[in-house]
Amino acid sequence: MSFTLLSSPLQGFTDFRFRNAINKYFGGIDTYYSPYIRLNGKLVIKSSYERDLLPENNVGLEVIPQVITNDAEEFLFVAKYVQQLGYKELNWNLGCPYPMVTKSGMGSGLISNTEKINYILDRAHSETDIIVSMKMRLGYDTTEEILDVLPILDKYPIKNIAIHARIGKQLYKGGVHLDAFQQCIDNTKHKLYYNGDITSVAKFHEMQQRFPSIDHWMIGRGLIADPFLPSMIKSDSAEYPKNKMELFSAFHDTLYEGYSESLSGQTHILLKMHHLWEYFSVIFSNPHKVHKNIKKSKSIRNYEAAVKEVIAKG
């Protein structure tokens, strides 16, 4: 069965620079979801969100914008904004697990509020012609929460529902709930996408066998940790290319140059790169040591030297 690979949005990681670099050096991703737009009560789009979605910053990529909100006016405002940029679809985030989001009743903290979900979807479908898709978790406290939401979603022409098979309070800890995801398949008429713990070609095959009806697969942290993964899944090979380190080095340098230009001061640049290396270190033979060596670098000069050494050792 043919399948589609999607890049799951991760705040602070999968911006347009990351998307372009992944696409240039590795490929394999069919559709990219942009990190969410959050308005916080003010109907104003931050310049960082604008930059991320500008068509000229996403040439040759299929990108779907995302919004996180529990307010209908905000949803409608963002829908109109992204349509002005030429986008036809808006993805609504009911998945973010972070406490600063969920305590405000957004992300996975909104899943139990079926009345509000219904109200926002009703207005989105009656007052705009934007295509709505969803990104969700199974719930915040329990995996059953989503089962109360699915009948509401079935009332609307939602394009698809991407489900990360964890609950919000897990964050990214513990395993995925595969039986609960199967329950979602059994209890909705909508097309579902699977998200969660696709970290290797073998893991992908495992998930394919477990859910034969699913043909859209979303990769989140697995893509940042191993940018080779989507193309390896597509070619059905667990073998890395012979020029693995050469490709990774070019990818890293492109990102590093981009962030060096856009971020002010070495502290911000180093913080950004250190966060990325929490994931990047996974593809090296001694991830813990690699991450430790990179993290020790407290100046740009030391950072560049550490990266050079790590890549040379492979």
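The residue list Gly60, His177, Ile22 was ranked by how far each Cα lies along the charge dipole of the chain toward its positive end, using unit charges on Cβ atoms, and Ile22 comes out on top. Against the longest alpha carbon principal axis of the chain, how many degrees, from 0 to 90 and to the nearest 10, is the axis of helix 201-210 turned? With both axes taken from Cα atoms, the answer is about 20 degrees. Amide H contacts of Tyr193: Ile161, Ala162, Ile163, each under 5 Å away and 5 or more positions distant or on a separate chain (H built 1.01 Å from N in the peptide plane; Pro and chain starts excluded). Ordered by 1.4 Å accessible area with all protein chains kept, Lys242, Lys88, Lys203 run largest first as Lys242, Lys88, Lys203. A helix-only calculation puts the chain at -13500 deg cm²/dmol for mean residue ellipticity at 222 nm, using -39500 (n - 2.57) for each DSSP H run of at least four residues, averaged over all residues. Think of a 1.4 Å ball rolled over the protein heavy atoms: the range 210-313 then has 52 Å² of accessible area per residue. Note down the nm distance, to one decimal, between modelled labels 7 Å out along Cα→Cβ at Asp30 and at Asn118. Between Asp30 and Asn118, the label points sit 3.4 nm apart.
Taken about its Cα centre, the chain carries a charge dipole of about 1060 debye when Lys and Arg each add +1 at the Cβ and Asp and Glu each add -1 at the Cβ. Given a 1.4 Å probe and the protein chains as shown, Glu73 ends up with an accessible area of around 90 Å². When the Cα positions of Ile131, Phe204, Leu192 are compared along the charge dipole of the range 105-223, Phe204 comes out farthest toward the positive end, with charges on each C-beta of Lys, Arg, Asp and Glu. Taking a straight line from the alpha carbon of Lys244, these lysines sit under 26 Å away, with near neighbours fewer than eight places off in the same chain left out: Lys24, Lys203, Lys234, Lys272, Lys289, Lys292, Lys295, Lys296, Lys308, Lys313.
Each residue was assigned an accessible area with a 1.4 Å probe, and for Leu43 the value is about 90 Å².
For the peptides 176-186, 161-171, the ranking by packing is 161-171, 176-186, with the highest mean count of neighbouring Cβ atoms within 10 Å listed first. Between the helical axis of 244-262 and the longest alpha-carbon principal axis of the chain there is an angle of about 70 degrees. The simple Förster model, with R0 at 45 Å and r as the Cβ-Cβ distance, assigns Lys308 and Asp141 a FRET efficiency of 0.45.
Any chance you could give the angle, 0 to 90 degrees and rounded to 10, that helix 287-296 forms with the longest Cα principal axis of the chain? With rounding to tens, the tilt is 80 degrees. The accessible area of His190, taken with all protein chains in place and a 1.4 Å probe, comes to roughly 20 Å².
For the range 177-267, the Kirkwood hydrodynamic radius comes to 15.6 Å, computed from all pairs of different C-alpha atoms. Charged neighbours of Phe228, selected by a Cβ distance under 15 Å, balance to +2 (K, R count +1; D, E count -1). Solvent-accessible surface of the range 1-90, taken per residue with a 1.4 Å probe and all protein chains present: 42 Å².
Listed by chain and number, the lysines whose C-alpha is less than 23 Å from the C-alpha of Lys116, apart from same-chain residues fewer than 8 away, are Lys42, Lys80, Lys103, Lys135, Lys155, Lys159, Lys169, Lys189, Lys191. Along the charge dipole of the chain, which of Ala238, His164, Gly314 sits closest to the positive end, that is, farthest toward it, with unit charges on the beta carbon of Lys, Arg, Asp and Glu (+1, +1, -1, -1)? The Cα lying farthest towards the positive end belongs to Gly314.
The values are calculated or read from the model by the stated rules, or taken from the named source; none is laboratory data. Bear in mind that the values here come from a model prediction, so they are computed numbers and not experimental data. Ideal geometry is used to build each Cβ from the backbone, glycine not excepted, and the neighbour counts take in all protein chains shown. Side chains are part of the model used for accessible areas, which takes the heavy atoms of the whole protein and leaves out ligands, DNA and RNA. Shrake-Rupley method; radii C 1.70, N 1.55, O 1.52, S 1.80 Å.
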